[in-house]
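The values are calculated or read from the model by the stated rules, or taken from the named source; none is laboratory data. Small disclaimer: the values here were computed from a predicted structure and weren't measured. Cβ coordinates were reconstructed from backbone atoms using ideal geometry, including for glycine residues, and neighbour counts include every protein chain displayed. Heavy atoms of the whole protein, side chains included, go into the accessibility calculation; ligands, DNA and RNA do not. Shrake-Rupley method; radii C 1.70, N 1.55, O 1.52, S 1.80 Å.
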Amino acid sequence: MTEQIISTSSDGIQQIQMNRPEKKNALTSAMYAAMADALEAAEKDAAIRVITITGSGDSFSSGNDVADFLQTFAGEDPPVSRFLRAISSAAKPLIAGVNGMSIGIGVTMLLHCDLVYASESATFQMPFTNLGLVPEASSSMLLPNMIGYHRAAELMLFGERFDAPKALEFGIVNAVVPANELATVLHQRAVALSVKPLSAIQTTKALLKRAPESVPARMAVESAEFKRLLQSPEAKAIMEAFLARRKTA
Ligand code: COA
């Protein structure tokens, strides 16, 4: 695995860090491959409950390596496609911490994360049209669904840089925090998720990500999952502990 992606785990949290600060964490094919490997391994590892994605230096990611662009998209199943498959299909929760500049796929990968925290100095830009290109990573569908058509059109047609308060106002990030608190906030949020019942977290994520359907159809799916989890040892133990506490109180 390239040293430009650092993947470490502790206490059920897999931390994936883009580590090419001298190039603003521009992503090469080797880096996409390493991130895909890390995400796939975390999905398979029963000990991992949450995955975090962070940048390094003063950037989250300046997007695809411009010099590597043609190579990035060459071949039948290039590493960027493996990475996008892995990040878009992850069953485990993904939390991103955006420390600085975030461009192109540096932004569109955030749309696949479940939670995004940004530092006050973070900036965002999807400059695809400026480069004569189009948005990728399903972002032309995910972004308008997430923030509304007019906002998505503003960000994607103009391709201008925007700041963290605007990302917060538009709903692309969950919270904006002082730069020196970002790592702590990210860790605290990851820990808070990691101690919750895993199947409840994963099933809730799957429901949130499910394609739109009719209200009765969705209620039926939820009801089946609710009944299944009600029988699970985790839920039973939690409810028995609650009832036992009430008896002794
Ligand atoms: N691909 C390849 N190299 C990149 C890069 C990218 N996406 N982003 C930054 N770099 C490199 C720069 O070429 C420079 O390399 P050098 O030191 O060998 O000259 C180094 O990273 C530092 O970048 P620099 O441009 O000096 O920093 P800056 O703060 O002035 O500007 C950016 C940073 C990101 C705004 C600017 O580099 C940029 O516009 N990069 C291209 C972003 C882009 O179009 N990405 C594709 C999106 S689809």
Worksheet entry | Residues being touching an Asp or Glu at 6+ places or on another chain (Cβ under 9 Å) and more than 9 Å from the ligand (Cβ to nearest atom) - total across the stretch 124-138 | 1
Item to complete: State all residues of the stretch 197-215 that are in contact (Cβ under 8 Å) with a residue 60 or more places away in the chain, surrounded by 13 or more Cβ atoms within 10 Å (Cβ to Cβ) and not β-branched (Val, Ile, Thr); if no residue qualifies, say none.
Response: 198, 202, 205
Item to complete: For the stretch 52-62, state whether one or more residues are among the aliphatic types (A, V, I, L, M) and touching a helix residue (DSSP H, G or I) at 6+ places or on another chain (Cβ under 6 Å).
Response: no
Worksheet item: Is it the case that residue 204 is modelled with pLDDT of 95 or more, assigned to a helix (DSSP H, G or I) and not assigned by TED's automatic domain parsing to the domain that holds residue 48?
Response: yes
Item to complete: Output the helices (runs of 4 or more DSSP H) that fall wholly within the stretch 1-107 and possess 3 or more residues being modelled with pLDDT of 95 or more and either crowded, with 16+ Cβ neighbours inside 10 Å or assigned by TED's automatic domain parsing to the domain that holds residue 162 (or both), or say none.
Response: 29-44, 79-89
Worksheet item: Can you name the condition, by its number, that residue 157 falls short on among (1) among the aliphatic types (A, V, I, L, M); (2) outside any helix (DSSP H, G or I); (3) open to solvent by 80 Å² or more (accessible area, probe 1.4 Å)?
Response: (2)
Worksheet item: Are any residues in the stretch 111-123 away from the ligand (no atom under 14 Å from the Cβ) and either in contact with a strand residue (DSSP E or B) (Cβ under 9 Å, 6 or more places away or on another chain) or free of Cβ contacts under 8 Å to residues at least 24 places away in the same chain (or both), and if so, which ones?
Response: 112, 113, 114, 115, 116, 117, 118, 119, 120
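Filter the stretch 148-176 for residues that are closer than 15 Å to residue 123 by Cβ and of a type in the set (A, V, I, L, M) and give the result.
Hits for the stretch 148-176 are 155, 164, 167, 168, 172, 173, 176.
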Discussion item. Whether any residue in the stretch 59-80 is closer than 24 Å to residue 190 by Cα and more than 15 Å from the chain's Cα centre (by Cα) is what I want to check.
Written reply: yes
